[in-house]
Structure formats: structure tokens, C-alpha cells
1. Of everything in the range 14-26, what is more than 23 Å from residue 43 (Cα to Cα) and under 19 Å from the mean Cα position of the chain (by Cα)? Give them in sequence order.
2. Just wondering, is there one or more residues in the range 32-39 that are surrounded by 12 or more Cβ atoms within 10 Å (Cβ to Cβ), touching a helix residue (DSSP H, G or I) at 6+ places or on another chain (Cβ under 8 Å) and within 23 Å of residue 100 (Cβ to Cβ)?
3. Among the numbered criteria (1) in a helix (DSSP H, G or I); (2) within 24 Å of residue 6 (Cα to Cα); (3) out of contact with any strand residue (DSSP E or B) (no Cβ under 8 Å at 6 or more places or on another chain), which single criterion is violated by residue 40?
4. State which residue pairs qualify: first residue at positive phi and in contact (Cβ under 8 Å) with a residue 60 or more places away in the chain and inside the range 42-58, second residue assigned to a helix (DSSP H, G or I) and surrounded by 12 or more Cβ atoms within 10 Å (Cβ to Cβ) in any location, beta carbons under 7 Å apart, and separation of 6 or more residues or different chains.
5. I'd like to check something: does the range 91-106 contain any residue that is at positive phi, at pLDDT below 90 and loosely packed, with under 14 Cβ neighbours inside 10 Å?
6. Identify all residues within the range 1-16 that are surrounded by 10 or more Cβ atoms within 10 Å (Cβ to Cβ), at pLDDT 90 or above and either assigned to a loop (DSSP other than H, G, I, E, B) or at positive phi (or both); write none if there are none.
7. Output the number of residues of the range 55-82 satisfying the condition of being at pLDDT 90 or above, surrounded by fewer than 18 Cβ atoms within 10 Å (Cβ to Cβ), under 11 Å from the mean Cα position of the chain (by Cα) and not in a loop (DSSP other than H, G, I, E, B).
8. Tell me which residues, restricted to the range 17-26, are without any contact (Cβ under 8 Å) to a residue 24 or more places away in the chain, in contact with a helix residue (DSSP H, G or I) (Cβ under 9 Å, 6 or more places away or on another chain) and either surrounded by 12 or more Cβ atoms within 10 Å (Cβ to Cβ) or part of a loop (DSSP other than H, G, I, E, B) (or both).
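The values are calculated or read from the model by the stated rules, or taken from the named source; none is laboratory data. Please read these numbers as outputs of a predicted model, since none were measured by experiment. Because the Cβ atoms are built from the backbone with ideal geometry, glycine has one as well, and the counts that use them run over all protein chains shown.
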């Protein structure tokens, strides 16, 4: 998992120290999407406080539970992937971070037109 060190560093910056006030349990489907359902089922039957996942795993988690908070990071459209209702109001127990620029281009252009005076 490439982002695991950054995730741990972010937790530490927020005051969470592993094995003192937070426990991190890692799971990986090892590229086999058909394993996600079983991995999610295992997690939601434990006393987990939150599931942090990529978009594919977050879809499996959101399908399995509406009780456990799910946080995702994705480069795809979470509305299209049925992770959230909308970007402004995610709704439900799923929220996350989106790393895509193409869908924001129109909004950026609109804001730029509002900021730059017409000549």
C-alpha cells in the first residue's frame, strides 16, 4: 500500500499513536476484487470505528454496511461510482477525498470568468 506511510503520518499529526489510542488493521484483496466482500464482512463484524479504503473497496464496504463510517480516496467520480449522492452533500456513512481535475474544469472556468473583469 503506497499511501500507508502517509496515512500513519497523518494520524500521528492528528494526535493518534498506534497501539496507544488507535489500532490500524490492514486488509488487502491483493488485486482480486471478488475477495472484497469477505474482507469487508470480517471488518464490520469487529468493533472498527472507521473503514478507510480506495474506491473499489469503499463500494464493497458501502454495500455491506450503513453503520460503520467509510472514508475513501479516489481518482474517479464518487457520484458515478455510487459512493456518495453528490460532492457537496455526500450523505450516508461514506465520505472521502477526490483527486481529479477534469470534472472541476468547468467550475474553475466559471470562477475565473467571475474574477477577471470584462474588457
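1. Residues of the range 14-26 that are more than 23 Å from residue 43 (Cα to Cα), as a first pass: 14-15.
Correct list: 14 only.
2. Checked the range 32-39: at least one residue is surrounded by 12 or more Cβ atoms within 10 Å (Cβ to Cβ), touching a helix residue (DSSP H, G or I) at 6+ places or on another chain (Cβ under 8 Å) and within 23 Å of residue 100 (Cβ to Cβ).
3. Result: residue 40 fails condition (3) only.
4. none
5. Yes, some residue in the range 91-106 is at positive phi, at pLDDT below 90 and loosely packed, with under 14 Cβ neighbours inside 10 Å.
6. Within the range 1-16, just 16 meets the criteria.
7. Selection size over the range 55-82: 2.
8. 17, 22, 24, 25
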